[in-house]
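Reviewing the structure listed below.
The values are calculated or read from the model by the stated rules, or taken from the named source; none is laboratory data. Not measured: the values here are computed from a predicted model. For neighbour counting, all protein chains shown are included, and Cβ atoms are generated from backbone atoms with ideal geometry for every residue, glycine included. Heavy atoms of the whole protein, side chains included, go into the accessibility calculation; ligands, DNA and RNA do not. Shrake-Rupley method; radii C 1.70, N 1.55, O 1.52, S 1.80 Å.
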Amino acid sequence: MSAPAWSATAEDALSRRDFDRIARYIYAQAGIRLPPAKLTMIEGRLRRRVRATQHASLDDYCGWLFEPGNLDAERQHLLNAVTTNKTDFFREPKHFDYLQQVALPEMQAEGVRRLRVWSAACSTGAEPYTIAMVLDAFARDRRGPDYGILATDLDTEVLAAARRGVYPAAMVEPVPAALRQRYVLRPRDREREEVRIVPELRGAIGFAQLNLMDDQYPVGAPMDMIFCRNVLIYFDKPTQEQVVRRLAACLRPGGLLFLGHSESVAGFTLPLTAVANTVFKKI
């Protein structure tokens, strides 16, 4: 029996010309830099689209992709394919120590009654659920402020996973035991090695698609805190500064911006001052 038309072969490869065309499009749409070293990675990720669209090969798919009208129709699938979605619960835990020990007590002392928090580039949801655990525990145990969380991402597939709030059991191991007991549900069938975030936290988070390349971020009233961590590393310096400036515009005076520990705003002209390692306050 002959192989399906979309079976990949050892000779099926993404040409440098097609990679460059895709890289230029992705940069224009999402600000993500795809250097030539990423060719093999992108090639592997696009093979799923070759199968889904029932093309014979990557070359055939790319030929179709760049025909008039097809690139825009395939836009979201391309963005989903190239987006990196590394995420963990309590990733870079010093940020959550600062949140619990410094930021929340200070905002409580200021008389803040409800916190608005934005997790930008939330991936499959580990970050906003981590934030929700810390905020909810502070509200319960220390009569802290109520809260609402906006979680956004460019990738529609990871947003769907985040809304479900279901994860491999091993993924929640970094969650402190007391918080795990309070906020993580285990299935009755113990052979199912997965868990689910409790409904109260799922209900406190609104998930939506947002592109950080947009000129403005329609997030409503000014935020008390914004987490945009380990995202800037995929942008060039001019794009990084533009994104951080737009994020800062969404903060209230005195609000906090959390960036990834490997990220820097050195040399940027911004209305922000550092208050901890990669934590910035709007001035």
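Residues in region 28-39 that are outside any loop (DSSP other than H, G, I, E, B) and open to solvent by less than 50 Å² (accessible area, probe 1.4 Å) were compared, and the one that is modelled with the highest pLDDT is Leu39.
When Trp64 is tested against (1) at pLDDT 95 or above; (2) touching a His at 6+ places or on another chain (Cβ under 8 Å); (3) surrounded by fewer than 17 Cβ atoms within 10 Å (Cβ to Cβ), just one condition goes unmet, and that condition is (1).
Only one entry in Thr269, Thr239 is among the hydroxyl-bearing types (Ser, Thr, Tyr), more than 21 Å from the chain's Cα centre (by Cα) and modelled with pLDDT under 95, namely Thr269. On inspection, Glu74 does not qualify as in the same structural domain as Val244 (by the TED database) and either more than 22 Å from Met213 (Cα to Cα) or open to solvent by less than 40 Å² (accessible area, probe 1.4 Å) (or both). Within region 173-228, restricting attention to residues that are of a type in the set (A, V, I, L, M) and touching an Asp or Glu at 6+ places or on another chain (Cβ under 8 Å), the residue that is farthest from Leu104 (Cα to Cα) is Leu210. Scanning region 129-185 for residues that are touching a strand residue (DSSP E or B) at 6+ places or on another chain (Cβ under 9 Å) and basic (Lys, Arg) gives Arg163, Arg164, Arg180. Just one of (1) assigned to a loop (DSSP other than H, G, I, E, B); (2) open to solvent by 30 Å² or more (accessible area, probe 1.4 Å) fails for His55. It is (2). Of note, Pro128 satisfies the criterion of being at pLDDT 95 or above, within 30 Å of Met41 (Cβ to Cβ) and within 12 Å of the chain's Cα centre (by Cα). Scan region 171-183 and tell me whether some residue there is among the aromatic types (Phe, Trp, Tyr), over 22 Å from Arg140 (Cα atoms) and at pLDDT 95 or above. Looking for residues that are among the aromatic types (Phe, Trp, Tyr), over 22 Å from Arg140 (Cα atoms) and at pLDDT 95 or above, one finds none in region 171-183, hence no. Figure legend. Inter-residue proximity from region 67-89: first residues charged (D, E, K, R), second residues outside any loop (DSSP other than H, G, I, E, B), beta-carbon distance below 7 Å, spacing 6+ or different chains. Indicated pairs: Glu74/Leu65; Arg75/Gln29; Asp88/Ala126. Before we move on, is Val112 farther than 23 Å from Gly260 by Cα and either touching a His at 6+ places or on another chain (Cβ under 7 Å) or in contact (Cβ under 8 Å) with a residue 60 or more places away in the chain (or both)? For Val112, the condition - farther than 23 Å from Gly260 by Cα and either touching a His at 6+ places or on another chain (Cβ under 7 Å) or in contact (Cβ under 8 Å) with a residue 60 or more places away in the chain (or both) - is met.
Every residue, every condition in (1) more than 21 Å from Gln209 (Cβ to Cβ); (2) more than 23 Å from the chain's Cα centre (by Cα); (3) among the small types (Gly, Ala, Ser); (4) not in a helix (DSSP H, G or I), yes or no:
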| position | (1), (2), (3), (4) |
| --- | --- |
| Leu14 | yes, yes, no, yes |
| Arg17 | yes, yes, no, no |
| Arg21 | yes, yes, no, no |
| Ile26 | no, no, no, no |
| Met41 | yes, no, no, no |
| Arg48 | no, no, no, no |
| Asp60 | yes, yes, no, no |
